[in-house]
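FYI, it's all coordinate maths here, none of it is from the lab. These numbers come from a predicted model, not from an experiment. Quick reminder, even Gly has a Cβ in these numbers, built from the backbone with ideal geometry, and neighbours come from all protein chains shown.
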C-alpha cells in the first residue's frame, strides 16, 4: 500500500518527481538521520541540497527562481515520502506547504523578490510562529504585541513577547510571526516577518519532545525587536483572516502525511508478521492477526480515497475549511490508531527504539495535536453541521 499505488489523481510527472525525491532521501538524509535525531536538528547543508535538487517550494514561479509547479500535488508527494520513510524531522512541509503560500498570496512584489528566491534554494529557511505559552489553537489569546514607533522612513514595529513549539525554530532565517497590533481579539492581529539577526530576537531552547527528535522545535523571544513596516505581510489587523485562509491547506498537508504514514506502518507490519513464528506457524497465519490487518487495510483504503478527493478539491480551489478539518481529524486519528495496533502486532520488538515501528509510534502522537487538535476539528465540523 505504498503512496503511489493506484493513484489516478497523479500523473507520470508526479511519479517521476517522487522517484527523484526518494533517491534524494535515501542518499542524503537516511545515512545521517540518526545523527540528526541526536542533534535535534537537520543540518542546513541538507536544506541546501534539497534546494539544488528542486525539492523546496515547488509552487514558487520561475520569476522568483522557483520550479513554477503550480500544483499542490507535487507538495503532497514530498510529504508522503517523508512520512513513508519515517523522516518527519525534515521540516520541509512547514517551509513549503505552510510558509510559502503566505508570501505568494500576501507578499508585495518587493517582499517576493527579497525572500522567495532564498526559500527555493534553501538559503532561507522559514517558520511560522503562532503558538505561545498561553495561546494554542485559540488565536484570540495571542499576547505577543507590536507597537508602531516613529514616522516616515523611521517608522517601525517594536515587538515584545514569546512564542513556543515553533517548528524549524532553530534553523529559521525568516519567521512569519502573529502579533497583536490592536485590542480586538481577532481583528487586532497582524503578521510580521521577523528575520534572524534582528536585535532583540533570540532563540530559546531547542525543545525536547517525545518524538520527531530530528525536528528543531523552539522557543522564540522578542525583546523590543524593531521590525521595518516593509516586513508587514498582508494588511495590518487582518492577520487572523490571513491565518484562517491558510489553515485548510495546512490541515490537508498534515492529513496527506498521516495516511502515508499509516500505509507505511501497515506494510512494515505485514512483512513482520509473515516472518515471525508462533505456535508452529507464522503470526500472519493466526486469525486474529488477519482480522486486525483486514480492519486496518480497509480503514486506510477509505482514508486514502477521501484524502485524495480532498487533494484534488484543493488543487481545483474547492476545498473548504470544514472538509479540511474532516480530513485532518480522520487521517490523524487513523494514523495514531493504526500505528498503535501495528506496534502491538510486533510484540516486544515493537517496543525497542531501534525498530521502525517504534519510531513511527513515537512520532505519530502529535499529529492529533498540532495544526489544530482533534477536539478543535470536531468543534469546527460540528458548528458547520448545525449552522
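Given that just one value was derived from the coordinates, which of (1) 15.8; (2) 19.7; (3) 17.8 is mean projected area of the Cα convex hull in nm²? It is the one labelled (2). The label point for residue 23 and the one for residue 113, both projected 7 Å from the Cα toward the Cβ, are 3.6 nm apart. Decide, for segment 241-385, between rounded, prolate and oblate: order the square roots of the alpha carbon gyration tensor eigenvalues as a ≥ b ≥ c, take rounded if a/c falls under 1.5, and otherwise choose prolate if a/b is larger than b/c, else oblate. It is prolate, given that a/c is not under 1.5 and a/b is the larger ratio. Counting only the backbone N, which residues of segment 63-101 are under 18 Å from the spot 7 Å out from the Cα of residue 32 toward its beta-carbon? So the set is 82, 86-93.
Summary of packing: across the peptides 170-176, 186-192, the per-residue average of other C-beta atoms within 10 Å ranks them, highest first, as 170-176, 186-192. FRET efficiency for the pair residue 351 and residue 44, taken as 1/(1 + (r/R0)^6) with r the Cβ-Cβ distance and R0 = 35 Å, rounds to 0.55. Projected label points at residue 290 and residue 276, each 7 Å from Cα along the beta carbon direction, are separated by 1.8 nanometres. As a proxy for reagent exposure, 319, 293 were ordered by neighbouring Cβ count within 10 angstrom, fewest first; the result is 293, 319. Neighbour counts of C-beta atoms inside 10 Å place 144, 322 in the sequence 322, 144, starting with the fewest.
When you count, for each residue, the other Cβ atoms within 10 Å and take the mean per peptide, how do 132-142, 84-94 rank with the highest first? Please report the intermediate quantities before stating the final value.
Values: 132-142: 15.9, 84-94: 22.7.
The peptides rank, most packed first, as 84-94, 132-142.
Adding -39500 (n - 2.57) for every DSSP H run of four residues or longer, then dividing by how many residues the chain holds, sets the calculated 222 nm ellipticity at -15000 deg cm²/dmol.
Given R₀ = 30 Å, what would the calculated FRET efficiency be for residue 383 paired with residue 312, taking r from the Cβ atoms and rounding to 0.05?
On the way: r = 25 Å, r/R0 = 0.85.
It comes to 0.75.
Going by average Cβ density within 10 Å per residue, which order do the peptides 357-367, 30-40 take, highest to lowest? List each step's numbers first, then the result.
Values: 357-367: 21.5, 30-40: 14.9.
Output ranking for 357-367, 30-40: 357-367, 30-40.
Legend: calculated FRET efficiency, residue 337 to residue 123, from the Cβ-Cβ distance at R0 = 45 Å, rounded to 0.05, equals 0.65.
Along the Cα-to-Cβ line of residue 137, 7 Å from the Cα, sits a label point; which residues in segment 344-387 have backbone N less than 17 Å from it? Backbone N within reach: 365-386. Cut-off is 10 Å between beta-carbons; in what order do 222, 201 appear when sorted fewest neighbours first? Exposure proxy ranking, most exposed first: 201, 222.
DSSP beta bridges fully contained in segment 68-182 are about 55 percent antiparallel.
Label-to-label distance, residue 199 versus residue 320, with points set 7 angstrom from Cα along the beta-carbon direction: 5.0 nm.
Where does helix 72-84 land angle-wise versus the long Cα axis of the chain, in degrees 0 to 90, nearest 10? Computed tilt is about 50 degrees.
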